[in-house]
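What follows is calculated from the coordinates using simple rules that are stated; it is not laboratory data. Remember, it's a predicted structure, so these values are computed and weren't measured experimentally. We place every Cβ from the backbone using ideal geometry, glycine too, and count neighbours over all the protein chains shown.
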Amino acid sequence: MEAVRTIPREIDWAEAYVGGDYLLLRTSERRNHHLNAVIWRCAVREFNDFNAFFAEFGRMCAGREVVIALGDSNTAGDRAWPRRLAEQDSAIDEVAVLNLSDFDQVVDQQTYRLRLGASHPSLARASRRTVVYLGGLVDVERRLVYHLDFLAGRRSSPLLRSETELAEDIYGSEIARLLRQIPSDEDEAQRWIARRTVAAVKILDRICADLGHRFLAVLQPLCYQDLVPAYMQFLKRGYTQESHELTFEQWCAKWPFFIDADDRFKLPVRPYLDRLRDLWQREAAKSSHGRYIDAAASFEAVSECPYGDQGVGQDAVHYNDEGAHFIARMILSLSRDDV
């Protein structure tokens, strides 16, 4: 029997936003709760056939710029930045958004979705095609969890199954080489995990080059006090408005409100992310095709809390409407920048 693959062979969920229209591809029943949430927000035209979905999207995107979104739960769904980008005044009549992202996926799992979705003949009608990958945090966190579990004897391998599958890709030689270099100390592990993440992103870049699509690799905004002061200010305002005898840390734990991404994952993720930022910036300087944008500190000057559900800044990972709108404006600007 064939082992269960973590890199999907088909696209069973996708969304598209063109003007005020919302198209939904759903060939699986696994997300009824999400579909119900969508229906309350707008009229949805649902398709259960991959080619029918793309045929309709191709008709609607003719003559428009198409932005193809890839990522995890900060990109998937009708409340994330791709939908907000399509709603921008300057985009509503000119841009069509194809959201190929999926919930709880690392970058390795995006390759097949990109190849299958972004190569569909219907996209040839677009005036220009730009693929955007937004990620980094979950990519690093998931690899770190596996590595620490391996060191503690809880796993037989520190490698994600999706990585070992991706190492067999036509462009997987760099990943295959890295997977043979299991480090012996923490400093080496930080660089190793960051290099594996960037190597997977570079495969997306090469696929886009093959397809003739532009590629933007955006290292997502990160939630740490020095990178997004508004988040900590939000938490401290909530703390001071309550009458209690708890310390700030105890009050946060009670809700729970997470102070930063390390607190959310209960892992020392920040040093690994700093290594990732360094490699991302280096790739930006030498890439011959894709653009690599380090947006980790892009929330530094925002005045409103960009994290949490309905403005509640407890999550330190997922963006609220404020954060999603900010990212949408940033990516729309980047997609129109030919530099």
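Between the amide H of Tyr22 and those of Arg45, distances stay under 5 Å, these residues lying 5 or more places away or on another chain, with hydrogens modeled in the peptide plane.
Given +1 at the Cβ of Lys and Arg, -1 at the Cβ of Asp and Glu and no other charges, the dipole of the chain around its Cα centre is 720 debye to the nearest 20. The calculated Kirkwood hydrodynamic radius for segment 185-248 is 15.9 Å, given to one decimal from all distinct C-alpha pairs.
The convex hull drawn around the Cα atoms of segment 79-156, when projected onto a plane and averaged over every direction, covers 6.8 nm². A simple rule links phi to the HN-Hα coupling: the Karplus curve 6.51 cos²θ - 1.76 cosθ + 1.60 with θ = phi - 60°, which for segment 166-177 gives 5, 4, 8, 5, 4, 10, x, 5, 5, 5, 4, 5 Hz, with x for Gly and Pro.
When the scattering of the chain is computed by the Debye formula from its Cα atoms alone, each counted once and equally, what is log10 I(q)/I(0) at q = 0.07, 0.08, 0.10 Å⁻¹? At q = 0.07, 0.08, 0.10 Å⁻¹ the computed log10 ratios are -0.29, -0.38, -0.60. Cross-link partners of Lys286 among lysines, defined as those whose alpha carbon lies under 24 angstrom from its own and excluding same-chain residues fewer than eight positions apart: Lys202. In the chain, the DSSP beta bridges split such that about 30 percent are antiparallel, to the nearest 5. For Lys254, a cut-off of 25 angstrom between C-alpha atoms picks up these lysines, skipping any fewer than 8 places away in its own chain: Lys236, Lys266. Using Cβ point charges alone (K and R +1, D and E -1), the dipole size of segment 197-330 about the Cα centre works out to roughly 580 debye. Sequentially through segment 156-162, phi angles give Karplus couplings (6.51, -1.76, 1.60; θ = phi - 60°) of 7, 8, x, 9, 6, 4, 4 Hz, Gly and Pro residues having no value and appearing as x.
For the chain, the 222 nm mean residue ellipticity estimated from helices alone, with every DSSP H stretch of n ≥ 4 adding -39500 (n - 2.57) and the total spread over all residues, rounds to -13000 deg cm²/dmol.
Amide H to amide H, with H built 1.01 Å from N, Ala96 comes under 5 Å of Glu65, Val66, Val67, counting only residues 5 or more places away or on other chains. Taking GluC sites (Glu not before Pro) across segment 134-185, the ones in a DSSP loop with at most 12 further Cβ atoms lying within 10 angstrom of their Cβ are Glu168. Segment 44-117 and segment 275-301 have Cα centres lying 23 Å from one another.
Computed from backbone phi with θ = phi - 60° and the Karplus coefficients 6.51, -1.76 and 1.60, the 3J(HN,Hα) list for segment 264-281 is 4, 8, 6, 9, x, 6, 4, x, 5, 5, 5, 5, 5, 4, 4, 5, 4, 5 Hz; x is used for glycine and proline.
Take the chain, mark every one of the trypsin sites (Lys or Arg not before Pro) that falls in a DSSP loop and has at most 13 other Cβ within 10 Å, then report the longest stretch left between them, sites excluded.
It works out to 31-153.
The residue list Ile259, Ala230, Trp192 was ranked by how far each Cα lies along the charge dipole of segment 174-263 toward its positive end, using unit charges on Cβ atoms, and Trp192 comes out on top.
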